[in-house]
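Asks: Provided herewith is a single structure, encoded as structure tokens, for subsequent inquiry.
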Amino acid sequence: MKNTSILGAVAGDILGSSYEFYSVKDYHFNLFNEESAFTDDTVLTMAVADWILHDPELSSNTLVDYLQSYGRTYRGRGYGDYFYQWIYSKNPTPYNSYGNGSAMRVSPIGFAFDTLAETLDIAKRSAEVTHNHSEGIKGAQATAAAIFWARQGETKENIRKNISQFFGYDLQRTCEEIRKDYNFSATCQGSVPESIIAFLESTDYESAIRLAISFGGDSDTMACITGGIASAYYKEIPQTIADFTTSLLPEKFLKLIQEYNNKFINK
């Protein structure tokens, strides 16, 4: 399946969802589970995609409306406590978070813009309505930048070098080294670099997802981050994964992905 764009991030979320609280440290786990479902990662990715498609001004206030609306509509999808309170706040303000929620929802930005400067600016804007801590912003920007460079055809070594230079992440570790001592982390600084390394060490989309989940961490979010980058780089995902993913999505999400692809991918 070509030109998967944000479906790559959504698929990662769904494939990782059944392992978020039942972690595996084995590459050869069962990829498809009856317990698999889309989580808050997918819901908020859709909210950001909707914002990019339908707000020409890309206003932060409008993004707040989209995030709150999607969060209230799709309840019980694993939102963090602070974000859940934010969803229902009458006066929603940032709460200095450095959680990886800013990175899990940013993939639509990585695919949509023509320059790195604009990608970084909009990624920052998308993060800071909630995650205004410097690490929260950095995690979103690093993920969006990795997607931008991947879809531009940069080599993995250049992506590794660029991310390290721009954001200071240590990307010289191997997945095996990380897996050995890795513990669950829902922070950007504790999961975004590892998610990028999973992509860098992969050989195709599926291997990227398997590597991200096999760390035994925040599996749905890490696979979502890795999946967006891998989708941009490999420009395809296996049809079995695409079919499994789309079978679990609401019609509204499928139409939104198609609209997004028509505007930003299939042009």
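Asks: Determine which member of the set 225, 209, 163 is without any contact (Cβ under 8 Å) to a residue 40 or more places away in the chain, out of contact with any His (no Cβ under 7 Å at 6 or more places or on another chain) and either under 17 Å from residue 15 (Cβ atoms) or surrounded by 15 or more Cβ atoms within 10 Å (Cβ to Cβ) (or both).
Replies: Matching residue, one of 225, 209, 163: 163.
Asks: Inside the stretch 65-79, can you point out the residues that are part of a loop (DSSP other than H, G, I, E, B), of a type in the set (Gly, Ala, Ser) and surrounded by 11 or more Cβ atoms within 10 Å (Cβ to Cβ)?
Replies: The one that is part of a loop (DSSP other than H, G, I, E, B), of a type in the set (Gly, Ala, Ser) and surrounded by 11 or more Cβ atoms within 10 Å (Cβ to Cβ): 78.
Asks: Restricting attention to the stretch 29-64, and to residues there that are among the acidic types (Asp, Glu) and under 14 Å from residue 125 (Cβ atoms), which single residue is surrounded by the fewest Cβ atoms within 10 Å (Cβ to Cβ)?
Replies: 57
Asks: If you don't mind, another one. Any idea how many residues of the stretch 1-51 are out of contact with any Gly (no Cβ under 6 Å at 6 or more places or on another chain), small (Gly, Ala, Ser) and modelled with pLDDT of 95 or more?
Replies: 7
Asks: Please verify whether the stretch 122-132 includes one or more residues that are aliphatic (A, V, I, L, M), outside any loop (DSSP other than H, G, I, E, B) and closer than 23 Å to residue 39 by Cβ.
Replies: For the stretch 122-132, residues aliphatic (A, V, I, L, M), outside any loop (DSSP other than H, G, I, E, B) and closer than 23 Å to residue 39 by Cβ: present.
Asks: For the stretch 133-190, name all the residues that are part of a helix (DSSP H, G or I), among the hydroxyl-bearing types (Ser, Thr, Tyr) and more than 14 Å from residue 119 (Cα to Cα).
Replies: Residues satisfying the conditions are 134, 164.
Asks: On the basis of being touching a helix residue (DSSP H, G or I) at 6+ places or on another chain (Cβ under 7 Å) and under 13 Å from residue 246 (Cβ atoms), does residue 4 make the cut?
Replies: Judged against the criteria, residue 4 is a match.
Asks: (1) over 17 Å from residue 229 (Cβ atoms); (2) over 14 Å from the mean Cα position of the chain (by Cα); (3) free of Cβ contacts under 8 Å to residues at least 40 places away in the same chain: which one isn't true of residue 137, the others all being true?
Replies: Condition not satisfied by residue 137: (2).
Asks: Restricting to the stretch 80-114, name every residue that is part of a loop (DSSP other than H, G, I, E, B) and touching a Gly at 6+ places or on another chain (Cβ under 7 Å).
Replies: 80, 97, 98, 100
Asks: Any idea which of (1) assigned to a loop (DSSP other than H, G, I, E, B); (2) in contact (Cβ under 8 Å) with a residue 60 or more places away in the chain is the one residue 12 doesn't satisfy?
Replies: (1)
The values are calculated or read from the model by the stated rules, or taken from the named source; none is laboratory data. What you see is a predicted model, and the numbers here were worked out from it, not measured in a lab. Using ideal geometry, Cβ is built from the backbone for each residue, glycine included, and neighbour counts are taken over all protein chains shown.
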